[in-house]
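Comments concern the structure below.
The values are calculated or read from the model by the stated rules, or taken from the named source; none is laboratory data. All values reported here derive from a predicted model rather than from experimental measurement. So basically every Cβ, Gly included, is an ideal-geometry build from the backbone, and we count neighbours across all protein chains shown. In case anyone asks, the SASA skips ligands and DNA or RNA and just uses the protein heavy atoms, side chains included. Shrake-Rupley method; radii C 1.70, N 1.55, O 1.52, S 1.80 Å.
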Amino acid sequence: QVYLAESGGGLVQPGGSLRLSCEASVINFKIFDMGWYRQAPGKQRELVATITSGGSTNFTDSVKGRFTISRDNARRMLYLEMNSMKPEDTAVYYCSPEGTSRRFWGQGTQVTVSS
């Protein structure tokens, strides 16, 4: 059974920062690559960032240089540090393990970037 709980979203002004957290009740969390996804109103869910079990990271072009993904295997936590935020970052953000037999989602956390 996989349980994912995202938190840390909120309202932030353009140029501001937020740190999202994901509590992942995943057996053997440390062996899974993990991803942050987001879904804006009227759009498909998109992959924002990934981190491998070994700590290598990758980002979609629109957030490169602004977002950082990290993980704490001992606490089974995943993080997304978002800086220099833009209105187009507004979305519901989700975390999910990669490479599982099916996709698992939590309830997501709403991020709104607006002045």
Go through segment 1-19 and give me each residue that's more than 22 Å from Arg75 (Cβ to Cβ), exposed (fewer than 15 other Cβ atoms within 10 Å of the Cβ) and of a type outside the set (Gly, Ala, Ser).
Leu11, Gln13, Pro14
Across (1) part of a loop (DSSP other than H, G, I, E, B); (2) open to solvent by less than 20 Å² (accessible area, probe 1.4 Å), Arg103 clears everything bar (2)
Inside segment 53-72, can you point out the residues that are at positive phi and surrounded by 20 or more Cβ atoms within 10 Å (Cβ to Cβ)?
none
Residue tally, condition open to solvent by 40 Å² or more (accessible area, probe 1.4 Å) and either without any contact (Cβ under 8 Å) to a residue 60 or more places away in the chain or part of a helix (DSSP H, G or I) (or both), over segment 73-83:
4
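Results for (1) closer than 18 Å to Arg102 by Cα; (2) part of a strand (DSSP E or B); (3) out of contact with any Asp or Glu (no Cβ under 8 Å at 6 or more places or on another chain), shown as yes or no for each residue.
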residue	(1), (2), (3)
Gly35	yes, yes, no
Lys43	no, no, yes
Leu47	yes, yes, yes
Ser53	no, no, no
Ser62	no, no, no
Gly65	no, no, yes
Thr68	no, yes, no
Arg71	no, yes, yes
Consider Arg45 carefully, then state whether it is touching a helix residue (DSSP H, G or I) at 6+ places or on another chain (Cβ under 6 Å) and open to solvent by 40 Å² or more (accessible area, probe 1.4 Å).
no
Quick one: would you say Thr50 is free of Cβ contacts under 8 Å to residues at least 24 places away in the same chain and either open to solvent by 20 Å² or more (accessible area, probe 1.4 Å) or on the phi > 0 side of the Ramachandran plot (or both)?
no
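Answer yes or no as to whether Ile27 is β-branched (Val, Ile, Thr) and in a loop (DSSP other than H, G, I, E, B).
So Ile27 fits the description; yes.
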Consider only pairs whose beta carbons are under 7 Å apart and that are at least six residues apart or on different chains; among these, list those whose first residue lies in segment 1-14 and is touching a residue at least 40 places away in the same chain (Cβ under 8 Å) and more than 15 Å from Gln110 (Cβ to Cβ) and whose second residue is open to solvent by less than 30 Å² (accessible area, probe 1.4 Å) and part of a strand (DSSP E or B).
Val2/Pro97; Leu4/Cys22; Leu4/Ala24; Leu4/Cys95; Leu4/Ser96; Pro14/Val113
